[in-house]
Amino acid sequence: MTTIHPVPEGADAGVSQLDGNAVVGVFADVFSVDPSVLVLTCGHCGVAGPLGGTVVEDDGRCAIVRCRARTRTLLTLVRAPDGVSVRIAALAQLDTPHPSVLSPEVSR
């Protein structure tokens, strides 16, 4: 259920303020493709490329995803008994290719 919040005084009347449930479908679309084709953009050097092309250092508990061009940490995945935490570092942008540009083997 999405809750509508009152628009603050002076805000654009054409903009709705909703709770996070309003973007659940968008997140589902972003993560509905093979993660290896997600495009990550480094906030330091601007290089963009697929997750599958990054450098990953993994010790079993943490996986550090680094920019291939400058080795900056883009994000870290921390595995814990109660779930996985995604810690965003130098990741400036995360894009998903439109399904029409993916081969049938890549899209789910």
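The values are calculated or read from the model by the stated rules, or taken from the named source; none is laboratory data. Since the model is a prediction, treat every value here as computed from it, not as a measurement. Glycine also receives a Cβ, built like all others from the backbone with ideal geometry; neighbour counts cover every protein chain displayed. Keep in mind that these areas ignore ligands, DNA and RNA; they rest on the heavy atoms of the full protein, side chains included. Shrake-Rupley method; radii C 1.70, N 1.55, O 1.52, S 1.80 Å.
Out of region 61-72, which residues are of a type in the set (Val, Ile, Thr), modelled with pLDDT of 95 or more and either over 14 Å from the mean Cα position of the chain (by Cα) or open to solvent by 40 Å² or more (accessible area, probe 1.4 Å) (or both)? If you could, list the steps in order and put the result at the bottom.
First, the residues of region 61-72 that are of a type in the set (Val, Ile, Thr): 64-65, 71.
Then keep just the ones that are modelled with pLDDT of 95 or more; that gives 64-65.
Answer for region 61-72, where residues must be of a type in the set (Val, Ile, Thr), modelled with pLDDT of 95 or more and either over 14 Å from the mean Cα position of the chain (by Cα) or open to solvent by 40 Å² or more (accessible area, probe 1.4 Å) (or both): just Ile64.
State which residue is least open to solvent (accessible area, probe 1.4 Å) when the search covers only region 14-52 and only residues that are outside any helix (DSSP H, G or I), of a type in the set (Val, Ile, Thr) and in contact (Cβ under 8 Å) with a residue 24 or more places away in the chain. Selected residue: Val33.
Residues of region 85-98 being open to solvent by less than 100 Å² (accessible area, probe 1.4 Å) and either within 16 Å of Cys45 (Cβ to Cβ) or hydrophobic (A, V, I, L, M, F, W, C) (or both), which ones?
Listed by number, the residues that qualify are Val86, Ala89, Ala90, Leu91, Ala92, Gln93, Leu94.
Table: residues versus (1) at pLDDT below 95; (2) over 17 Å from the mean Cα position of the chain (by Cα).
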position	(1), (2)
Val15	yes, yes
Leu18	yes, yes
Phe27	yes, no
Gly53	yes, no
Asp59	no, yes
Leu75	no, no
Ala90	no, no
Pro104	yes, yes
